[in-house]
1. Taking only Cα atoms, what is the 0 to 90° angle, nearest 10, from helix 114-142's long axis to the longest principal axis of the chain?
2. What range in the chain is the longest one free of trypsin sites (Lys or Arg not before Pro) that are in a loop by DSSP and have at most 16 other Cβ atoms within 10 angstrom?
3. Calculate, for R341 and L116, the FRET efficiency according to 1/(1 + (r/R0)^6) with r their C-beta to C-beta distance and R0 41 Å; round to the nearest 0.05.
4. With axes computed from alpha carbons, what is the tilt in degrees of helix 323-342 against the longest principal axis of the chain, rounded to the nearest 10 within 0 to 90?
5. For F241 and L472, calculate 0.36 nm times their separation in residues minus their Cα-Cα distance, and state this gained length in nm to one decimal.
6. Length gain on complete extension for the stretch L369 to A55, per 0.36 nm per residue less the alpha carbon to alpha carbon distance?
7. Roughly how many debye, to the nearest 20, is the charge dipole of region 208-357 about its Cα centre, given +1 on each Lys and Arg Cβ, -1 on each Asp and Glu Cβ, and no other charges?
8. Label-point separation (nm) for A433 and L225, each offset 7 Å from Cα along Cα-to-Cβ?
Amino acid sequence: MNSPSKPVPPSQQATLAGATKRPVRGALASLSLAMLLPALGTSIANVGLPDMARALHAPFQDVQWIVLAYLLAITALIVSVGRLGDMVGRRRLLLAGIALFAVASILCALAPSLWLLVAARALQGLGASVMMALTMAFVGSTVPKAQTGSAMGLLGTMSAVGTTLGPALGGLLIARFGWQAIFLVNVPLAGVALLMAWRFLPADQHSAHAKRPVFDHRGTLLLTLTLAAYALAMTLGRGHFGMRNVALLLAACVGAALFVYVELKAPAPLIRLAMLRAPVLSAGLATSMLVSTVMMSTLVVGPFYLARGLGLGTAITGMVLAAGPLVAAFCGVPSGWLVDRYGAQRMGGAGLCGAVSACLALTLLPASLGIPGYVAPIMLLTSSYALFQAANNTAVMGDIVADQRGVISGMLNLSRNLGLVTGASVMGAIFAASASASDIASAPPAAMIRGMHATFAVASALILAALAIFALGRTLAKPPTSSGDPA
């Protein structure tokens with residue numbers, strides 16, 4: 001018979017609580033850095049494209065592959081690396097991903113030609129996909145359930161900080177040290193992230209008698225090719241769909257059908273399609289893609305509306321465009337706190353309602369209100385997005401079994417990336433068509449205003465669709481009540 005346990009003295013309880021908080025804080029700090037690096041890698045390269053075009057003697061159309069290769073690698077591989085982390089160990093794979101990101105950054109800086117730089121950027125994108133897929137997966141094993149929303153909000157903040165910091169930091173580094181510096185700056189940051197992840201993240205647990213998992217090679221290859229074809233279809237041609245885009249889109253559709261067929265037959269599928277029957281997961285992925293599509297429209301439409309519609313100079317336009325990411329950076333942590341306090345479902349609905357209000361305001365926005373009339377709805381939209389993202393990520397990742405966290409985190413990040421690439425193409429095409437201008441860069445102010453109103457009218461419809469899907473998922477997720485059943 002076991003002897004009764006002795007009560008723990010208050011001083012010892014405080015010591016144990018402090019020891020518990022320190023690893024959690026260290027783990028969150030390491031995950032925050034791992035989330036910052038991919039976002040920084042996305043935004044910092046854009047500002048250096050003109051300098052790289054001159055230095056590498058390449059036309060601007062080819063130099064854009066420096067950005068595209070990075071985004072394609074992340075989009076095509078993020079689900080696969082998430083599943084791989086579930087199988088071989090998330091900590092081990094995350095450490096390898098951070099190290100790969102650092103090595104690829106050095107290779108980018110040393111690249112003597114454009115296409116070697118593009119190849120190094122694709123390698124860097126592979127490392128970024130590992131970090132993006134696994135950071136959210138670690139939250140469930142490192143943070144108490146009651147603080148999940150705060151952790152998700154912090155990760156959202158770090159992603160927004162990386163996106164906001166990239167252009168300013170990149171411009172400063174290029175002016176002082178040359179374009180190579182925008183890649184080399186990643187190396188010390190990755191080194192710190194690597195040391196912190198090794199020190200604070202929990203070790204991978206594998207049973208000695210556990211069956212060795214089987215990796216779905218066919219499903220992985222099909223999904224990678226399908227996602228790459230879709231991303232290329234959405235990005236090549238800048239929204240002008242030609243035969244090449246149509247062929248790539250058809251290839252993506254065929255690839256998606258083959259992927260479903262292979263997954264249904266596979267003994268150990270990459271994605272268990274039955275998981276998508278869970279209302280919270282399927283609704284979370286669909287709403288994430290729709291809302292991300294709308295958020296990209298602010299980046300597509302904003303510069304043209306401010307420069308041509310309101311007649312602002314380049315410097316003022318840049319400052320106004322920075323308002324959205326800055327608000328997102330400041331709202332991430334408070335959004336997570338609200339999710340922990342009031343619940344993911346309630347706050348997710350509030351975020352979507354705020355986004356609808358902002359899009360409707362932008363649809364009806366008179367140009368006479370100038371900069372304040374544009375900035376106020378954008379601030380509401382980005383803060384609502386931060387709240388929705390923290391709530392949605394918390395809801396989707398909340399009750400996932402441990403061996404599926406990596407792949408679900410990868411799918412959640414994939415839905416966001418697909419929304420961004422879709423928004424860049426589709427919302428850009430809607431803006432151009434509504435403006436009725438052959439050359440957007442030289443269109444009159446009235447055309448810019450007309451195009452913005454039409455684009456955000458479509459954005460309002462997309463957010464309303466997301467709200468309907470969100471409400472349906474919430475309704476279906478509620479367990480049926482029966483008064484006659486015993487408790």
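1. Here the helix axis deviates by roughly 40 degrees.
2. Details: sites that count: K211, R238, R272.
Counting at most 16 other Cβ atoms within 10 Å as exposed, the longest clean stretch of the chain is 273-487.
3. Values: r = 51 Å, r/R0 = 1.23.
The calculated FRET efficiency here is 0.20.
4. Once rounded, one gets 30 degrees.
5. Numbers: separation 231, 0.36 × 231 = 83.16 nm, distance 3.36 nm.
Difference between extended and current length: 79.8 nm.
6. 108.8 nm
7. Details: 11 positive and 3 negative charges, 62 e Å.
Value, rounded to 20: 300 debye.
8. A separation of 3.1 nm, rounded to one decimal place.
The values are calculated or read from the model by the stated rules, or taken from the named source; none is laboratory data. Just so we're clear, the structure is a prediction, and the values are computed from it rather than from any experiment. Glycine also receives a Cβ, built like all others from the backbone with ideal geometry; neighbour counts cover every protein chain displayed. The accessibility values were calculated without ligands, DNA or RNA, using every heavy atom of the protein model including side chains. Shrake-Rupley method; radii C 1.70, N 1.55, O 1.52, S 1.80 Å.
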